[in-house]
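The values are calculated or read from the model by the stated rules, or taken from the named source; none is laboratory data. Model, not experiment: these values are computed from the prediction. Here Cβ is always computed from backbone atoms with ideal geometry, including for glycine, and neighbour counts include all displayed protein chains. Ligands, DNA and RNA are stripped out before the accessible areas are found, and what is left, the full protein with its side chains, is counted by its heavy atoms. Shrake-Rupley method; radii C 1.70, N 1.55, O 1.52, S 1.80 Å.
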Amino acid sequence: RSATPVTDFIKAEFINHQSQSPGDTEEVVMTALVPINIGGPAVAPPGFTVSGNVVDPTGAPVSGASVQLEPLSLAGSAPPPVVTDATGKFVFSGIVSTSYKVTPTLAGHVFTPASTQVVVNDQNIVVPKMLMSLFTLSPNSYTLNEAIDSLKSAVGIKTPTPAEKFRFDVSPVFNGIPAPDGVLDVKDSLNILRMVIGLNPL
């Protein structure tokens, strides 16, 4: 026994004993290092970061979006949600190795993809960019000027900006899922007008 504190790792090897012929070298299929501490301060497990960016269809950063990191196994625990900064970036720190689901939210908007799965395997992870819609389906989320501009765009009186094309493309809702079709028409404008006066789109 050691008379002084011990801080070390136990090396555990998982060996495949199946399909082995007598005399063959045993195959190590996985190795795990388990931290141990005897008689000294506790050693925290290594922590990693999960980071990424939220942008809109024009590539502009989205600030103020809430991002959740949900572990998909009992090995991890859910950290508090984080909010994207002015550059659209989010960072989770002190994350242990396991699988997670990353989900961004912002009232009235949808995201593509709705969530992303990542695996933290003893390294920092950068999540692929998450895309937020510029259109919304929430009452009072548009102005009367936007309704007029969308109608002008639909009938060809106004040339919409790239951002307006995404903002005004309010397609019908099928089974609760917004489905932009890439075309600005009068139905989009009517739905925007409904939201201006506090109604849900059709």
**Study point:** Some residue of region 107-126 being open to solvent by 50 Å² or more (accessible area, probe 1.4 Å), more than 30 Å from V196 (Cα to Cα) and among the hydroxyl-bearing types (S, T, Y)
**Key:** no
Practice item. Hey, can you tell me all the residues within region 121-150 that are without any contact (Cβ under 8 Å) to a residue 60 or more places away in the chain and within 17 Å of E164 (Cβ to Cβ)? Key: F135, T136, S141, Y142, T143, L144, N145, E146, A147, I148, D149, S150
**Study point:** Residues being within 16 Å of L199 (Cβ to Cβ), of a type outside the set (A, V, I, L, M, F, W, C) and either open to solvent by less than 60 Å² (accessible area, probe 1.4 Å) or within 25 Å of the chain's Cα centre (by Cα) (or both) - total across region 136-158
**Key:** 7
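Identify all residues within region 159-184 that are surrounded by 17 or more Cβ atoms within 10 Å (Cβ to Cβ) and either polar (S, T, N, Q) or modelled with pLDDT under 90 (or both); write none if there are none. It would help to see each step written out before you state the result.
If we filter region 159-184 for residues that are surrounded by 17 or more Cβ atoms within 10 Å (Cβ to Cβ), which is where we start, we get 160, 164-171, 178, 180, 184.
Answer for region 159-184, where residues must be surrounded by 17 or more Cβ atoms within 10 Å (Cβ to Cβ) and either polar (S, T, N, Q) or modelled with pLDDT under 90 (or both): V170, S171, P178, P180.
Might you let me know whether region 28-35 holds any residue that is at pLDDT 80 or above and either assigned to a loop (DSSP other than H, G, I, E, B) or more than 34 Å from the chain's Cα centre (by Cα) (or both)? Before the answer, list the steps.
Residues of region 28-35 at pLDDT 80 or above: none.
The answer is no; no qualifying residue exists.
So, of the residues in region 84-106 that are under 14 Å from the mean Cα position of the chain (by Cα), over 27 Å from P201 (Cβ atoms) and free of Cβ contacts under 8 Å to residues at least 40 places away in the same chain, which turns out to be least open to solvent (accessible area, probe 1.4 Å)?
First, pick out the residues of region 84-106 that are under 14 Å from the mean Cα position of the chain (by Cα): 84, 88-92, 99-106.
Among the residues that remain, those that are also over 27 Å from P201 (Cβ atoms) are: 89-92, 99-102.
Still in the list and also free of Cβ contacts under 8 Å to residues at least 40 places away in the same chain: 89-90, 99, 101.
Values: K89: 89, F90: 3, S99: 41, K101: 63 Å².
The selected residue is F90.
Evaluate region 47-58: report whether one residue or more is over 30 Å from P160 (Cβ atoms), among the aliphatic types (A, V, I, L, M) and modelled with pLDDT under 80.
So in region 47-58, the residues over 30 Å from P160 (Cβ atoms) come out as 47-51.
Next, only the ones that are among the aliphatic types (A, V, I, L, M) stay: 50.
Checking the rest, the ones that are also modelled with pLDDT under 80 come to none.
No, region 47-58 contains no residue that is over 30 Å from P160 (Cβ atoms), among the aliphatic types (A, V, I, L, M) and modelled with pLDDT under 80.
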Check your understanding: Any residue at all in region 67-80 that is assigned to a loop (DSSP other than H, G, I, E, B), at pLDDT 95 or above, of a type outside the set (V, I, T) and closer than 26 Å to F135 by Cα?
Key -> no
Point to revise | Filter result for T105 (in contact with a helix residue (DSSP H, G or I) (Cβ under 8 Å, 6 or more places away or on another chain), within 30 Å of L69 (Cβ to Cβ) and among the polar types (S, T, N, Q)) | key: no
